[in-house]
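Have a look at the structure below before the remarks.
None of the figures in this text is laboratory data; all of them are computed from the coordinates on show. Computed from a predicted model, the values in this text were never measured in an experiment. Here Cβ is always computed from backbone atoms with ideal geometry, including for glycine, and neighbour counts include all displayed protein chains.
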Amino acid sequence: MIQVRKRSVTFIPPGNAKHLIGDFSDWDKKPIAVDGPLTLEFPEGAYIEYAFLDSQGKPFADPDNPLKAQNPWWSYPRAIELPGFKTQETPHPAKTPEVRRHRMESKALAATRRYYVCEPSRPAEAMVLVQDGVAYYRTANLHLVATALEELGEIVPLRLVFIEPEDRQSEYWFNPGYEAFMLEELLPELERTYGDVTIKALWGASLGGLVSAWLALKHPKLFPKIAMQSACLTADPSGGDPYRDPEWLTSAYAANEKLPLRFYLETGQIEWLLAPNRRFAAMLADRGYPHAYHERPSGHNWMTWRQGLAPALRFLFRTWH
């Protein structure tokens, strides 16, 4: 059970709950012990996702809260909307675009890969390679937002390529095999099937944001535009802990010469990656990179990321006429 006030929530745990978890606790990394009502303060107008842990450490949903979180992977998170919470309206297209499903055998990753392609109604002027593709396609509906903005004349026609990982942690963690898959297998296959597009961009959330920025660092002329949502910038090539590793990528960009890149980045104010993303944005500002940075009163979740779709598309791909 919960009691909601303007800037706080009192969590009243069910009898079998031993810990409270959510974006505010780095989920199960820093669980908060509960033996009675617990009040936490949040940003005004916040959106919060949470769950409880039982005595065995198994997460379960709050039985008294029917508001499910927009989570494509877990069924147990529940959501809270503080007074003043509002979502940014996302545009809807007049016509739903076709999305074509593909499979290919990857030698670089020694596995079958799935990806989905959404072609614009007019010849594509840019191509966006989207990490965690199925979630961005089915949960976030990125293709619908992009199509609507194209219909309104706000962005150039985009080819969207939704790439689905098999093991996000290993593939997105500075993995040369994933780099080879993208450059030597996927891009040539897309060119053969759909034709080449000069401008190529990268898009991703969390570890997907990390790998996008890493690939752009290594191949800035190939990928000049990057969208990073709650990027997991606490990562190091020699590490493996997304909560405690040094911010290697920020240091690598700071030590490098300024590259011909344009960034859109954002993060939630209720997540462990807030400070690392602030530091990355500050580095971009110090180095004079064209970029936009936003914070939202929410956490490491799809509510946060859905809010950023239209702003990111407009900033990276807006028309100039």
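So the values come out like this:
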| quantity | calculated |
| --- | --- |
| Region 103-165: trypsin sites (Lys or Arg not before Pro) falling in loop per DSSP and having at most 15 other Cβ within 10 Å | K107 |
| Alpha carbon Rg of the chain, scaled by the compact-globule rule 2.2 N^0.38 Å | 1.02 |
| Shape of region 1-160, Cα gyration tensor, a/c cut at 1.5 | oblate |
| Distant-in-sequence amide H partners of L261 (H built 1.01 Å from N, under 5 Å) | none |
| Added length on full extension, which subtracts the Cα-Cα distance from 0.36 nm per residue, K30 to T87 | 17.7 nm |
| Counted charge near A94, where neighbours are those whose Cβ lies closer than 13 Å (Asp, Glu -1; Lys, Arg +1) | -1 |
| Mean separation of Cα contacts under 8 Å, 6 or more apart, over the residue count of region 2-81: relative contact order % | 29 percent |
| Candidate lysines for bridging to K218, where Cα separation is under 28 Å - those fewer than 8 sequence places away on the same chain excluded | K107, K200, K258 |
| Summed residue charge, Cβ within 10 Å of K107's Cβ, Lys/Arg positive, Asp/Glu negative | -3 |
| Considering only the chain, percent of DSSP beta bridges that pair antiparallel, nearest 5 | 55 percent |
| Amide hydrogen neighbours beyond the local backbone of D26, cut-off 5 Å, H modeled | W272 |
| Antiparallel DSSP beta bridges within region 74-167, as percent of all bridges there, nearest 5 | 70 percent |
| Loop GluC sites (Glu not before Pro), region 50-129, which have at most 14 other Cβ atoms in a 10 Å radius of their Cβ (DSSP) | E89, E98 |
| Proximal charge balance of S75 [Cβ under 13 Å; K/R count +1, D/E count -1] | +1 |
